[in-house]
Amino acid sequence: MKEVNNLIELIYTFYPQNCRYSSNYYKKSIEHNKYIDVLKNSKRRRLLSEKCYEIIKSVFFENYITKWTNTEYPSIHFSALLHKNQPILDDDLELLNVLNGRRIDLEIYISLLGDYFYTYIVETRKSLLNDDLQFNYYDEKEFLESSQINNLNNKLFSIGFTKLDKSIVSINVPNIETELLYEGEVKIFNALFSDVNRNF
């Protein structure tokens, strides 16, 4: 419980409480401006991104790593394609066809608001009848060897990061809004990593 309280206290330093995101008060608040300063710190984002990419690639050296570059979110996001020696193709459907309609990715989020990271698996399946896609979400233990998980965790621990569990990131943060989520909808994951992703 102490860890959750500490996380929520941290989050409150970046998100003003009890006000609408669309309000002038929100935009002018000390918390929101502190949040914007973090997003605008391109040097820190770049250096941390490079360091984390090296770590992830050292663990998944046979896998293609996508480094997402959206600077509107308070995190660095990587995807490791868990099909060895398979390059990314220009067309996602073409890649799914090459993979016989089933794609597995490890998603890795590293927060810029605090020294935390979170990982999970996304399975993408393509219908045999049409191009409809189905997405399933799993704990990394379902698809990765414990040695890979421990290797990645330990290397991120060594540079000062703490791993958050699903039970933690799924907890609601009271009294705050984000650009895309209203009060009552914001979970710890959304506040620390991304308010776009609601499946984790």
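Of (1) outside any strand (DSSP E or B); (2) surrounded by fewer than 16 Cβ atoms within 10 Å (Cβ to Cβ), S49 satisfies all except one. Which?
Tallying (1) outside any strand (DSSP E or B); (2) surrounded by fewer than 16 Cβ atoms within 10 Å (Cβ to Cβ), S49 fails exactly one: (2).
Select from the stretch 170-200 the residues that are free of Cβ contacts under 8 Å to residues at least 12 places away in the same chain and within 14 Å of P74 (Cα to Cα) and list them in ascending order.
The answer is N197, and nothing else.
Please enumerate the residues belonging to the stretch 1-46 that are surrounded by 13 or more Cβ atoms within 10 Å (Cβ to Cβ), more than 16 Å from S111 (Cβ to Cβ) and touching a residue at least 24 places away in the same chain (Cβ under 8 Å).
The answer is P16, Q17, C19, Y21, Y26.
For the stretch 76-186, list the helices (runs of 4 or more DSSP H) that sit wholly inside it and hold at least 2 residues that are farther than 20 Å from S49 by Cα and not polar (S, T, N, Q); which are they?
Of the helices (runs of 4 or more DSSP H) lying wholly inside the stretch 76-186, those with at least 2 residues that are farther than 20 Å from S49 by Cα and not polar (S, T, N, Q) span 92-98, 166-169.
Find the residue count for the stretch 119-138, including only residues that are of a type in the set (V, I, T) and either touching a Cys at 6+ places or on another chain (Cβ under 6 Å) or closer than 15 Å to V98 by Cβ (or both). Give the derivation first.
Step one: list which residues in the stretch 119-138 are of a type in the set (V, I, T), which gives 119, 121-122, 124.
When the remaining residues are screened for being either touching a Cys at 6+ places or on another chain (Cβ under 6 Å) or closer than 15 Å to V98 by Cβ (or both), the result is 124.
Residues in the stretch 119-138 being of a type in the set (V, I, T) and either touching a Cys at 6+ places or on another chain (Cβ under 6 Å) or closer than 15 Å to V98 by Cβ (or both): 1 in total.
Under 6 Å between Cβ atoms, which residue pairs at least 6 apart in sequence (or on different chains) link something in the stretch 78-90 that is within 14 Å of L106 (Cα to Cα) with a partner that is polar (S, T, N, Q) and part of a loop (DSSP other than H, G, I, E, B)?
A80/N63; L81/N63
I'd like the full set of residues that are within 21 Å of D115 (Cβ to Cβ) and hydrophobic (A, V, I, L, M, F, W, C), limited to the stretch 133-179.
Across the stretch 133-179, the qualifying residues are I149, L152, L156, F157, I159, F161, L164, I168, V169, I171, V173, I176.
Each value in this text was obtained by applying a stated rule to the coordinates, not by laboratory testing. Quantities reported herein were computed from a predicted structural model and do not represent experimental measurements. As a convention, Cβ positions derive from the backbone with ideal geometry for all residues, glycine included, and neighbour counts pool all protein chains shown.
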